[in-house]
Amino acid sequence: VDVFQAWCGPCKPVVNLFQKIRNQVGSDLLHFAVAEVDSIDALEKYRGQCEPVFLFYTEGELVAVVRGADAPLLQKTILKHL
């Protein structure tokens with residue numbers, strides 16, 4: 001989940017990375033979503049940050065958090081949890 005604030009928007013460059021990995025591993029294994037922290041109370045702790053935050057869930061459980069648009073780290077995290 002790409003967690004963002006309305007004033008800065010979702011991290012568009014990372015969408016390409018997710019699409020590339022999704023094409024490699026199959027669409028059933030990897031799902032990408034965006035969530036605006038200003039409208040979701042459960043994400044309140046991520047408000048006021050100017051860097052993107054990516055939350056990784058497996059079977060409904062938070063398994064990893066990556067702060068910043070670090071493409072190699074994001075890819076490593078995705079592949080580790082698949």
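Applying a threshold of 7 Å to beta carbon distances and a minimum spacing of six or more residues, or different chains, the list of pairs starting in segment 6-25 at a residue that is within 20 Å of residue 47 (Cβ to Cβ) and ending at one that is among the charged types (D, E, K, R) reads 6/36; 6/38; 10/2; 11/2; 14/2. Where strands (runs of 3 or more DSSP E) sit wholly within the chain, those with at least 2 residues that are among the hydrophobic types (A, V, I, L, M, F, W, C) and open to solvent by 60 Å² or more (accessible area, probe 1.4 Å) occupy 61-67.
Considering segment 5-46, and only residues there that are more than 21 Å from residue 72 (Cβ to Cβ) and of a type in the set (Phe, Trp, Tyr), the residue that is modelled with the lowest pLDDT turns out to be 7.
The values are calculated or read from the model by the stated rules, or taken from the named source; none is laboratory data. None of these values were measured; they are calculated from a predicted model. Neighbour counts run over all protein chains shown; Cβ positions are idealised from the backbone, glycine included. Accessible surface is based on the protein model in full, side chains and every heavy atom, while ligands, DNA and RNA are left aside. Shrake-Rupley method; radii C 1.70, N 1.55, O 1.52, S 1.80 Å.
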